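Here the structure is laid out as structure tokens; the discussion comes afterwards.
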Amino acid sequence: MLRVGRIRYINCYPVYGAIERGLVPLAGELVDGVPTQLNQLMADGQLDVSVVSAVEYARDAHRFLLLPELGITSDGPVRSVMLFSARAPQDLGGRRVLVSRSSMTSVALLELLFEHVWKCRPEFVPGDAELADIAHFANDDHDARLVIGDAALKLFHESQGGGAWAERYPWQEDLGAAWKAWTGLPFVFAVWVAQRGTPVHESLSAHASLIASRDWGLAHLDVLSAQAAEASGVPVRTCREYFAGLDYRLSYPHLAGLTEFFRRLVLAGRVPDGTLAFLPAA
């Protein structure tokens, strides 16, 4: 049976909502994980089709085919990829910055922003930053931390009204907005890929199911927002606004943002030079 990866964060609800409700059939089994877990499963050949960090595709492009028209993107603020800091980013040189173990793309983007925009070099330290970890954030030794997914959305929401988190992290940088201000382009955080060794007809079938499920999801964001609020502890209205700020396509502007990100990573020596290769519509 085809094994299809799904990030368990609420940002994937619009793509998988109809599949998990049985409204759109999927000839395969869903496998859940955080982005880095799905990246590793794809690298190990244990998944056939999956959403993966954009950087994971760039690092191993010869093994994967991109699924057309699918991505997790923002053209400005994303709200769920955030740097929470006790001081301005440009003042974090030599300071301890905890980075989420769950995401490769967000960490790579953060490194580029520090190098080219904020022009300083912190000490990056891997850390846990899921919803269950928020209660322990105040106990960690750090000046700033990168948080992604549901935890970032919740922390950002809770800090907007003031209180302890606003005092702990008076500087909050949205990495989607920072990229847009820097380059003028959208940012692609995640893409869907198939193993090149997976039979094309099976990959195409999974792709068709994901597209149909996404189309249903985008037409039922109110339903998904209620589900997301229950899962994340973030108000329904905030979840609805969050979904409205995301785009699940790979249009020409998205591809321009993706290739610009890859170009900068290649120049920095972080990924090999390569090309975008898509699943053929055969």
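No value in this document is a laboratory result; all are computed from the given coordinates. Quick caveat, the model's predicted, so the values are computed rather than measured. No Cβ is skipped: glycine too gets one built from the backbone with ideal geometry, and neighbour counts run over all protein chains shown.
Summing Lys and Arg as +1 and Asp and Glu as -1 over all other residues whose Cβ lies under 11 Å from the Cβ of residue 174 gives a net charge of +1. Here's how it looks for residue 98: its modeled amide H is under 5 Å from those of 125, 143, 144, 145, 146, which are all 5 or more places away or on a different chain. Restricting attention to the chain, close to 60% of DSSP beta bridges with both partner residues there are antiparallel.
Which whole-angstrom value gives the distance between the alpha carbon centres of the stretch 127-171 and the stretch 178-252? Between the Cα centres of the stretch 127-171 and the stretch 178-252 lies a distance of 24 Å. Per-residue Karplus couplings for the stretch 227-240, computed as 6.51 cos²θ - 1.76 cosθ + 1.60 with θ equal to phi - 60°, are listed in order as 5, 5, 5, 5, 6, 9, x, 9, x, 4, 4, 5, 5, 5 Hz, Gly and Pro entered as x. Whole-Hz Karplus values for the stretch 168-181 come out as 5, 10, x, 9, 9, 10, 7, 5, x, 5, 5, 5, 4, 5 Hz, taken residue by residue from phi with 6.51 cos²θ - 1.76 cosθ + 1.60 and θ = phi - 60°; glycine and proline positions read x.
Over all other residues within a Cβ to Cβ distance under 13 Å of residue 204, the charged ones net out to -3, with Lys and Arg as +1 and Asp and Glu as -1. Comparing 243, 189, 124 in a Gaussian network model of the chain where C-alpha atoms under 10 Å apart are linked, the largest mean-square fluctuation is found at 124.
Listed options for semi-axes √(5λ) of the Cα gyration tensor in Å are (1) 37, 21, 17; (2) 79, 23, 14; (3) 30, 22, 16. The value calculated from this structure is the one marked (3). Across the stretch 7-18, rounded Karplus estimates of 3J(HN,Hα) from the backbone phi angles (6.51 cos²θ - 1.76 cosθ + 1.60, θ = phi - 60°) give 5, 7, 6, 5, 5, 8, 4, x, 8, 10, x, 6 Hz, Gly and Pro being marked x.
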